[in-house]
Amino acid sequence: MNVRVGVLAVQGAFLAHSEILEELGVTAVEIRQPAHLGGVDAMVLPGGESGTMSKLLVSTGLYEPLGKLLHGGLPVFGTCAGMILLGSSILDGRDDQSCFGVIDIAVRRNAYGRQVDSFEDDVDTTFGQFHGVFIRAPRVEEVGRDVEVLGSHDGEPVLVRQGVALAAAFHPELSGDTRLHEFFLSHVAGLVPVAINQTAKEM
Ligand code: GLN
């Protein structure tokens, strides 16, 4: 089966995600308008600026059909701004900013400070350490009962999952490590065989 993964490409760091997905043997489809959503098996919402993304989602007409697909069970992986979009409430968001509410988390935008406070550090995850690149990262301040915390940094959740939705506060597409994308495709979305390589086997 040819697995097609849509990568929201209205703004932000979508290219690096597409490259990793292609490296893992699935087809990455850039999503810029509603017609592009046809036939996708999963979605990736990249990092960027969540307020701008939210605005562009509305102006392109993507917000409603994408929301319907996500609430209908389309697997999704959101990173950084993508995590904010997947959450159920946004703290310090722009007034006109909205979120899909498929992961029951309250997320504070830019909680680690401004650009100078971006940092890199190891994240403890359920499948070992992962190098986390945090760029004006959001902080998960509340976690609902149906949410699994799969990774943390300094005791705070930075990788969470609810059903077929996965979200990271950091940028796994920038660390040269494909394990999280593999984990998403195999364990979360069930789209590719579980053990793509040795690392995936250990998860
Ligand atoms: N601070 C950004 C926002 O609020 C997210 C940063 C990122 O995606 N790297 O949307």
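If the segment from PHE119 to GLU30 were pulled out straight at 0.36 nm per residue, it would be longer than the present Cα-Cα gap by 29.2 nm. Applying 1/(1 + (r/R0)^6) with R0 = 22 Å to the Cβ-Cβ distance of GLN129 and VAL194, what FRET efficiency is obtained, to the nearest 0.05? The value I calculate is 0.55.
For the chain, the mean projected area of the C-alpha convex hull, equal to one quarter of the hull surface, is 10.0 nm². For segment 73-168, a simple Cβ point-charge model (Lys and Arg +1, Asp and Glu -1, everything else neutral) yields a dipole of about 260 debye relative to the Cα centre.
Charge dipole (Cα centre; +1 on Lys/Arg Cβ, -1 on Asp/Glu Cβ; no other charges) of the chain amounts to roughly 540 debye.
Close amide H contacts of ILE31 (hydrogens built in the peptide plane, cut-off under 5 Å, sequence separation of 5 or more or a different chain): VAL7, LEU8, ALA9. Take the Cα of GLU148, go 7 Å toward its beta carbon, and the backbone nitrogen atoms of segment 1-43 under 20 Å from that spot belong to 42-43. In this structure the amide hydrogen of GLU120, modeled in the peptide plane, comes within under 5 Å of the amide hydrogens of PHE134, none closer than 5 places in sequence on its chain.
Each of VAL194, VAL7, VAL143 was scored by other Cβ atoms within 10 Å of its Cβ. Listed from fewest to most, they are VAL194, VAL143, VAL7. Phi angles of segment 56-65 translate, via the Karplus equation with coefficients 6.51, -1.76, 1.60 and θ = phi - 60°, into HN-Hα couplings of 5, 4, 6, 5, 7, x, 7, 4, 5, x Hz per residue; Gly and Pro are given as x.
Fewest neighbouring Cβ atoms within 10 Å first, the residues ARG145, ARG161 line up as ARG145, ARG161. State the answer as a single residue: which of LEU86, GLN129, LEU174 lies farthest towards the positive end of the charge dipole of segment 60-174, with beta carbon charges of +1 for Lys and Arg and -1 for Asp and Glu, about the Cα centre. Positive-most Cα among the choices belongs to LEU86.
Considering only alpha-carbon pairs that sit under 8 angstrom and 6 or more positions apart, the relative contact order computed for the chain is 17 percent.
Here the Karplus curve 6.51 cos²θ - 1.76 cosθ + 1.60, taken at θ = phi - 60°, turns the phi angles of segment 182-193 into couplings of 5, 4, 4, 5, 8, 6, 7, 8, x, 9, 10, x Hz, with x standing for Gly and Pro.
Computed from the coordinates by the stated procedures, all read-outs in this text should not be read as laboratory data. Just so we're clear, the structure is a prediction, and the values are computed from it rather than from any experiment. Cβ coordinates were reconstructed from backbone atoms using ideal geometry, including for glycine residues, and neighbour counts include every protein chain displayed.
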